[in-house]
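The structure's right below; bear with me while I get my questions together.
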Amino acid sequence: EDKDSEDVRAIKVKRVDKTFPNYYRRRVAFCIGINNYPNLPTLEYAVKDAKDIAGVLKGYDFDEVSLLTDARATKQTIVNELLRFKSESEENDLFVFYFAGHGTAVSDHEGKERGYLIPVDFKDENNIDEQGISMGLFKDICDTMPNKHILFLVDCCYSGYGLTRSYAIKKEPEGD
């Protein structure tokens, strides 16, 4: 057994004792994990995974790692944190976003699927645009961030075909 490794389910993570040059002014991360959805099936490992990722990033001396889990991971709090990171960002910053929880995809009026992350305060599948966090919103925020390097890691299923991290929402076409 390698004493420098940790078991993370079936994955071995080896600690690296090398110092890496810091190419960034700031390295920041925003990690979210939601197990306990009041209105959706409970997940088992989302919070653990988010905490593990946050721990790894802290271990690599990130300047800031923000972690939201379960009841704290509301839509408004998530969006506010994203906007805060955007307002504090500069060109030579690294931003890492990690989300573990439910996600879904909804077909729009043209039949094109649009992905959503589901925050803990999601209540009504008929109001996905108001209560979910669209991937379009993330794209809009990232497109206006000055950062050269942004990494999004999303551990959920948008299609509704996943076994534990998906929630399929069927939206009726409007106007018929």
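The values are calculated or read from the model by the stated rules, or taken from the named source; none is laboratory data. Keep in mind that this is a model prediction, so the values were computed, not measured. Here the Cβ is made from the backbone with ideal geometry for all residues, glycine too, and neighbour counts use every protein chain on show. All accessible areas refer to the heavy atoms of the entire protein, side chains included, with ligands and DNA or RNA removed. Shrake-Rupley method; radii C 1.70, N 1.55, O 1.52, S 1.80 Å.
Do we have F97 as surrounded by 16 or more Cβ atoms within 10 Å (Cβ to Cβ), of a type outside the set (D, E) and either more than 17 Å from the chain's Cα centre (by Cα) or within 25 Å of V65 (Cβ to Cβ) (or both) here?
Yes: the conditions hold for F97.
Filter the range 1-46 for residues that are of a type in the set (A, V, I, L, M) and at pLDDT 95 or above; which is surrounded by the fewest Cβ atoms within 10 Å (Cβ to Cβ)?
So the residue we want is V28.
Another question, if that's okay. Restricting to the range 53-81, name every residue that is in contact with a Phe, Trp or Tyr (Cβ under 7 Å, 6 or more places away or on another chain) and either assigned to a helix (DSSP H, G or I) or at pLDDT below 95 (or both).
Result: I53, E81.
Let me ask another. Can you confirm whether E130 is among the charged types (D, E, K, R) and either farther than 26 Å from N147 by Cβ or open to solvent by less than 20 Å² (accessible area, probe 1.4 Å) (or both)?
Yes.
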